[in-house]
Amino acid sequence: MNAQASLNPAAIELRVAGLTRLSTCDWPGELVATVFCQGCGWDCAYCHNSQLRPTVGGDALILWPEVAAFLRSRSRLLDGVVFSGGEPTLQRALLNAVQVVRSLGFRVGLHTAGMSPERFAPLLPWLDWVGFDVKAPVDAYSRITGVEGSGAQALKSLRLLLASGVPYEVRTTVHSGLLSPADMLELRDELLTLGVTRYAVQRFRAAGTRPDRLPPVGAEQTLCLPDAYADGFQQFQVR
């Protein structure tokens, strides 16, 4: 991979808001670098990266050639690269950036909430793993995202992922003031009906969120799942 290839005219348009040079938590079991993409079309109150919501970032944006140069220097030292956000699939340049990263010899992971199925679909053949955020039962999505119709878009993307055969983890962040035990049962049934086998439930953590937009249930609320919630999943964890 030469320097000119890393300056792919399409990839260079990727708006990168941050770069974690070493992560052990963004792709389970893998040592990766994580590229945070600017922009998100949803407004989840518990989001830890709300500064990434605007489509256009500030002066802190990192140029793609700098990211590519760093990755070239880590060849054979990292297992892969994860694109996170924000919502990476909203950027047209993401596919080109993924192709550049693969040409550098890295495996590629993606964090997505599935809000853009038409851009998610062409990415799937280039991905080695997807961390897919499911927000709520389909009909309750707007309660979390603030956007009507968001559940239908996420459902389309999740179906694409499950049909692709790409390894994945579906995960849900649970704030007890936003998702009730009944909601979680409904969500579990939806996921099992779709054929989801690998699922993680994540405890809400207040750090970096906007407390003024969250129900007052305490900064670190107790996660209560119905009995036998994990039944039916091949892999399940709470973290």
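The values are calculated or read from the model by the stated rules, or taken from the named source; none is laboratory data. Since we're looking at a predicted model, the values are computed, not measured. As a convention, Cβ positions derive from the backbone with ideal geometry for all residues, glycine included, and neighbour counts pool all protein chains shown.
Can you tell me which of (1) farther than 20 Å from ASP133 by Cα; (2) among the polar types (S, T, N, Q); (3) modelled with pLDDT under 95 is the one ASN96 doesn't meet?
(3)
Looking at (1) at pLDDT below 95; (2) out of contact with any strand residue (DSSP E or B) (no Cβ under 7 Å at 6 or more places or on another chain), which one does THR24 not meet, given that it meets all the others?
(1)
Return the residue satisfying two criteria in turn: it lies in region 43-70 and is of a type outside the set (Ser, Thr, Tyr), under 19 Å from VAL134 (Cβ atoms) and at pLDDT 85 or above, and of such residues it is surrounded by the most Cβ atoms within 10 Å (Cβ to Cβ).
CYS44
Can you tell me which residue among PRO181, PRO215, PRO211 is more than 20 Å from TRP27 (Cα to Cα), in contact (Cβ under 8 Å) with a residue 24 or more places away in the chain, of a type outside the set (Ser, Thr, Tyr) and out of contact with any Gly (no Cβ under 6 Å at 6 or more places or on another chain)?
Details: PRO215 fails: out of contact with any Gly (no Cβ under 6 Å at 6 or more places or on another chain); PRO211 fails: in contact (Cβ under 8 Å) with a residue 24 or more places away in the chain.
Sole residue among the options that is more than 20 Å from TRP27 (Cα to Cα), in contact (Cβ under 8 Å) with a residue 24 or more places away in the chain, of a type outside the set (Ser, Thr, Tyr) and out of contact with any Gly (no Cβ under 6 Å at 6 or more places or on another chain): PRO181.
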